Amino acid sequence: MSLLLSDSVSDYSAYIVFVIIFLTLYLRQRSINSLPPGPTPLPIVGNVLSYGKTPYKRICEWAEKFGDIITLYQGPFRVVLWVNDGQLAIDMFQKQPDLFSQRNPVPFMTYNMAAEGSVVWENGPAWKARRRWMITALRHFGMGKRSLEVKIKTETDIFCQEAANYHSNPFNPQHIVNCAVANIICNIAFGDRYEYSDPEFQELLQNLLKFFKQCSLKNIEMHIPSIMSLPMFKHKALPAIYLTEFVRNQVKKHKETFDPENIRDITDRLLAEGEMCDKEEKKFFNPDVMWTSLLTIFVAGAETTSSTLMWFFIYMATYQEVQDKVRKEIDDVLDGRKPTMADQSSLPYFEATTYEVQRLGNIAGATLPHGNAQECVVKGYKIPKGTIINLNLYRIHTDPKYWDDPMTFDPSRFLIDDGKKVSKPKMFMPFGIGRRACLGESMAKMEIFLVMTNFFQRFKLIIPEGETLPDLDPLVGLTMSPKPFKVCAIPRE
Ligand code: HEM
């Protein structure tokens, strides 16, 4: 009897404790009322369940309703501000870099991949030193230079040959696009390139895609990563584990054949730097920590650029009249000669098309999360130090306040001087703005320019006969990529 009584008392007290926690969290959430407005959060989960299938569209609806800066809750405690206006973004990120250049790690990503050495998830002196190191290493291996141009052109030739192998039959370009872009990165980071049919390479690319797909706001583990310790979520860690192992193996193999007199790639440079460092610097450049920077280069550089090329293809297949102009410009200016980076400024229509693909494709629909170094006031709202702040690039790139007819694909919006020059409006920011902006921008631009100009010099791209136009609504993960589609690459004689 007394045992029964004590059981029901303990059930009862567990119930009371649960209700108290529930109410405390709810009231706490509701009490942070100095923050910008936003949709009403649910207790415990916040707004996590309200993103729907297309989070970027939902956030834009909230922006419409609540304004230029809004508050969302990821779970009970994580407050996330979304900056939805371009001018406000510039005023915060570009004009006050000391205040808004902190990085707030995405827990799902740092739960799976180490943050230390990654650059992307770091702050303070370590971030500064390692970001500088990464830019120098990328430049040393060709970013913005002729040596990388040669590597990209070699890969582009292989890419075009792979496209030709489909003999004008319908194919989904994703496979060859992913292979070409990953090979360019692997070449400078690890000194390797792979055959497109190599099963190990296929597995690597599959895991990369899965990882990006998982990092979508609509997935609960993005907001509450500890959920991944539950048995039914454990498999979600596998892509990150695979990518991590791949990079660690590269470092191990490089250590076995390392020769300080012959620095072959960025991995070797990392090992050399670790050897040369004095004690003070070693804490930043120890290869046992810095291997994560190689992971960043591979993860940040491969999928983003591939998705851009895929958007380029889908828009060119959909808008034949734009493709005709792109091909005509290439033919008129190059007269059959192979494109080089020196031709970039002579191909304004191509450049304007690239901008328009990036604007409407919105590969990065948002920046990675920033944070404020100090408590501050934005638009009259008091923002506590360290609050998570995202820039809504999708909204900024489609805001009717800044773009005429924003949902229409029209490269000419970027042209001035009778189409002879390209103008880049300040509201166009596909690589982010301020101190945290993408450090691989010039490498990505080289890849897009060389791969696409070479391709359209050699092929006309059409939708397969009898097929409807592709769906231009994106698949949303960490980036926005087109849904699978098929095209025919018709060789031009
Ligand atoms: C078209 C391709 C690409 C796009 C659209 C893109 C876009 C972006 C965006 C929007 C950010 C976040 C900026 C912010 O948080 O404010 C970013 C950060 C970053 N990107 Fe890219 N990126 C591309 C290619 C690359 C490449 C090729 C690399 C390197 C090889 C790279 C490396 C990085 C790194 C390391 C960061 C973090 C910088 C930091 O936190 O200091 N990205 N990128």
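The values are calculated or read from the model by the stated rules, or taken from the named source; none is laboratory data. Note that this is a predicted model, so its numbers are computed, not measured. Cβ atoms come from the backbone with ideal geometry, glycine included; neighbour counts cover every protein chain shown. With ligands, DNA and RNA removed, areas are computed over all heavy atoms of the protein, side chains included. Shrake-Rupley method; radii C 1.70, N 1.55, O 1.52, S 1.80 Å.
Once the Cα-Cα distance is subtracted from the 0.36 nm per residue extended length, the Ala342 to Ser147 segment shows a gain of 68.8 nm.
Axis of helix 320-334 versus longest Cα principal axis of the chain: the two differ by about 50°, to the nearest ten degrees. In terms of accessible area, using a 1.4 Å probe and ignoring ligands and nucleic acids, Arg395, Arg458, Arg435 rank largest first as Arg435, Arg458, Arg395.
Here's the list of aspartates and glutamates a cross-link from Lys213 could span, going by alpha-carbon distance under 17 Å and ignoring same-chain residues fewer than 8 apart: Glu203, Glu221, Glu303, Asp473. The alpha-carbon of Lys218 sits under 24 angstrom from the alpha-carbons of these lysines, leaving out residues fewer than 8 places away in its chain: Lys53, Lys57, Lys65, Lys210, Lys234, Lys236, Lys483.
With protein chains left intact and a 1.4 Å probe, residues in the chain average 45 Å² of accessible area per residue. Between the alpha-carbon centres of the stretch 307-338 and the stretch 222-288 there is a gap of 38 Å. The angle separating the long axis of helix 287-318 from the principal Cα axis of greatest extent in the chain is about 60 degrees.
The Cα atoms of the chain define a convex hull whose projected area, averaged across directions, is 28.9 nm². Label positions at Lys234 and Asp98, each projected 7 Å from the Cα along the C-beta direction, are separated by 5.0 nm.
Using just the helices of the chain, give the 222 nm mean residue ellipticity in deg cm²/dmol: DSSP H runs with n ≥ 4 each add -39,500 (n - 2.57), and the total is spread over all residues, rounded to 500.
For the chain, the value works out to -16500 deg cm²/dmol.
Computed from backbone phi, the HN-Hα couplings of the stretch 474-485 come to x, 8, 10, x, 5, 10, 10, 10, x, 5, x, 8 Hz, rounded to whole numbers (Karplus: 6.51 cos²θ - 1.76 cosθ + 1.60, θ = phi - 60°; Gly and Pro given as x). Paramagnetic label reach from Tyr402 (point 7 Å along Cα→Cβ; backbone nitrogen cut-off under 17 Å): within the stretch 60-103, residues 60-61, 63-64, 67-70, 82-97. In this simple spin-label approximation, Phe77 and Asp324 carry label points 7 Å from Cα along the Cα→Cβ vector, and these lie 6.1 nm apart. Rounded to the nearest whole Hz, the Karplus-based 3J(HN,Hα) values (6.51 cos²θ - 1.76 cosθ + 1.60, θ = phi - 60°) of the stretch 74-84 follow the sequence 9, x, x, 10, 7, 8, 10, 9, 10, 8, 9, with x at glycine and proline. Normalised by the number of residues in the chain, the average gap of Cα pairs under 8 Å and 6 or more apart makes the relative contact order 22 percent. Here the simple spin-label model places points 7 Å from the Cα toward Cβ, and for Ile227 and Asp157 these points are separated by 5.0 nm. Axis angle, to the nearest 10 degrees, between helix 124-140 and the longest C-alpha principal axis of the chain: 20 degrees. Taking a point 7 Å out from the Cα of Asp332 in the direction of its Cβ, the residues of the stretch 405-427 whose backbone N falls within less than 15 Å of it are 412, 415-422. With θ taken as phi - 60° and the Karplus curve 6.51 cos²θ - 1.76 cosθ + 1.60 applied, the whole-hertz 3J(HN,Hα) list for the stretch 243-257 is 4, 4, 4, 4, 5, 4, 5, 4, 5, 4, 4, 5, 4, 5, 10 Hz, x standing for glycine and proline.
Over the stretch 116-179, what percent of the accessible surface lies on carbon and sulfur atoms, probe 1.4 Å?
Numbers: 1480 of 2790 Å².
Carbon and sulfur atoms account for 53 percent of the accessible area of the stretch 116-179.
When both the stretch 339-386 and the stretch 132-167 are represented by their alpha-carbon centers, they are found 23 Å apart. Taking a virtual spin label 7 Å from the Cα of Lys128 along the C-beta vector, which residues in the stretch 416-444 bring their backbone nitrogen under 17 Å of it? The answer is 435-437.
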